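Okay, so here's the structure we're looking at.
The values are calculated or read from the model by the stated rules, or taken from the named source; none is laboratory data. If you're wondering where the values come from, they're calculated on a predicted model, not measured in any experiment. Methodologically, a virtual Cβ is constructed for each residue, glycine included, from the backbone with ideal geometry; neighbour enumeration extends over all protein chains shown.
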Amino acid sequence: MGMARQRAEPVISDFLEAFGDVSTAVESGAGLPEVARATSRALDASVAIVDSATSVLAVACRSPEDERLVLSLREGSEVHELRVADSSVGELRYRPRGEPPPAALLRMVGALIALEVERSRGPARAAEASIASFVEDLLRRRVTDRDNIVARAQELGADLTAGASVIVARARPHAPEEGDWRARLLSIVERGARPAASGALAALVDLTRGGGGHDGTLAVLVPGSDAESAKRCAGGVRRELEANLVAYGYAVGRSRPAADPADLHRAGAEALLAANVAEAQGETALAFEETGAYRLLLPAMSEDPGELERFYDETVAPLVTYDDQYETQLVRTLESFFEADGNVARTAERLFTHRHTIRYRLERVRDLCGLDVGSTDGRERLGLGLKAMRVLGIMPTRGPLAEPGAETGRVPRGSKDR
């Protein structure tokens with residue numbers, strides 16, 4: 001019994017010494033780099049600390065190649081989730097140099113690192129909240145005084161004296177996502193925007209019709225009146241989204257420059273309209289100037305969205321509700337019918353179904369909406385109703401044929417090169 005106790009004592013001592021090394025680094029306030037180095041010694045492993053948005057916060061590795069293996073979780077690298085209460089705040093990625101570290105030590109060290117990550121993120125979260133509050137107030141027209149707008153922007157590091165352009169980016173995961181994917185989305189958009197536009201402000205914003213919550217929509221203010229700068233910024237955002245969001249649908253909309261900061265709410269409406277239209281049409285990026293006839297609906301969207309909503313309710317809203325309830329394809333059929341210039345046979349070809357099925361669905365459209373595609377007035381009202389739906393950012397239920405890569409048998413643009 002005494003011999004066993006003697007053998008256990010060095011093991012316990014080593015365990016406590018390793019844990020104490022990390023604890024001392026946290027208590028000293030030396031920051032995450034020193035905590036990472038202490039963790040590396042404690043676990044006898046190369047380590048990387050990554051936040052919930054997959055941004056690398058600190059690394060302690062022997063070489064660039066070692067760092068690459070740890071971050072990519074290859075060749076013996078492992079991951080330990082960092083949690084504070086019920087929230088995931090990031091990951092500890094590690095690659096043991098010898099024997100795997102004791103599970104108990106890993107848990108205890110992970111708990112310390114999670115608390116340090118949460119603490120270090122405090123100022124960043126406060127800055128994010130301030131930017132989001134300003135951008136949302138601006139786009140929702142809660143702040144309209146030019147001097148006030150310029151002063152608040154300067155406090156956040158942006159010069160809006162010469163106006164700005166607005167970019168709206170929206171992403172939707174194709175399947176339920178775990179963790180804070182919206183924080184990751186913000187990180188990706190910032191990474192794409194800032195190299196092309198110094199002082200750009202990016203924020204998750206609530207631009208839903210009733211202010212019902214964030215839906216994966218971000219707004220970027222691009223300081224200055226240079227349209228080319230905004231175009232480069234939007235291109236950077238699109239490229240980052242394409243490279244980092246594999247299982248997502250996304251769309252990027254860009255406004256015209258607003259020379260007066262007091263007009264930025266108008267630029268925000270333009271960018272939102274462009275993003276809504278791009279998403280509805282299956283495009284990844286669209287400028288306001290490229291939205292065609294949809295531009296005529298901007299005043300209704302900006303000044304009196306209630307009237308636009310009422311028109312939508314009186315036209316195609318019953319079809320959206322019916323499709324959602326019964327998983328039918330009335331809205332898609334109507335869209336395809338107009339795209340085929342009212343030709344039933346070509347509509348049937350687009351949707352891979354029989355002509356009789358198309359005629360039956362168009363009859364259901366008439367029954368539900370009281371509008372007949374066979375009359376000029378019916379076609380005009382239904383066509384405008386579909387435009388109102390897209391401008392409002394309402395996405396109808398889609399069936400398998402509308403999934404990426406399968407829509408009407410077409411391959412998405414650019415996919416042949418991948």
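Brief remarks follow.
- Scanning the stretch 377-418 for residues that are modelled with pLDDT of 65 or more and farther than 25 Å from P299 by Cα yields one hit, T397.
- Residue selected from the stretch 25-57 under the condition within 15 Å of L115 (Cα to Cα), touching a Ser or Thr at 6+ places or on another chain (Cβ under 9 Å) and not hydrophobic (A, V, I, L, M, F, W, C), by the criterion modelled with the highest pLDDT: E34
- Restricting attention to the stretch 255-299, the residues that are at pLDDT below 90, among the hydrophobic types (A, V, I, L, M, F, W, C) and assigned to a loop (DSSP other than H, G, I, E, B) add up to 0.
- The residues in the stretch 86-111 that are surrounded by fewer than 21 Cβ atoms within 10 Å (Cβ to Cβ), in a strand (DSSP E or B) and more than 25 Å from the chain's Cα centre (by Cα) can be counted, and the count is 1.
- Selected residue [in contact with a Pro (Cβ under 9 Å, 6 or more places away or on another chain), farther than 30 Å from G157 by Cβ and touching a residue at least 60 places away in the same chain (Cβ under 8 Å)] from L43, L57, L105: L43
- From the list R119, R93, the lone residue that is in contact with a strand residue (DSSP E or B) (Cβ under 7 Å, 6 or more places away or on another chain), closer than 25 Å to R191 by Cα and not aliphatic (A, V, I, L, M) is R93.
- Screening G342 on (1) surrounded by fewer than 22 Cβ atoms within 10 Å (Cβ to Cβ); (2) touching an Asp or Glu at 6+ places or on another chain (Cβ under 9 Å); (3) small (G, A, S) shows it passes everything except condition (2).
- Per the listing L296, L351, the residue uniquely crowded, with 19+ Cβ neighbours inside 10 Å and hydrophobic (A, V, I, L, M, F, W, C) is L351.
- Tabulated pairs, the stretch 306-318, first in the same structural domain as G370 (by TED's automatic domain parsing), second assigned to a helix (DSSP H, G or I) and of a type in the set (D, E, K, R), C-beta under 7 angstrom, 6+ apart or interchain: T315/R381
- Any hit, the stretch 356-363, residues being crowded, with 18+ Cβ neighbours inside 10 Å and touching a residue at least 40 places away in the same chain (Cβ under 8 Å): no
- Enumerated strands (runs of 3 or more DSSP E) restricted to the stretch 22-85, each holding at least 3 residues that are crowded, with 18+ Cβ neighbours inside 10 Å and within 30 Å of the chain's Cα centre (by Cα): 45-51, 56-60
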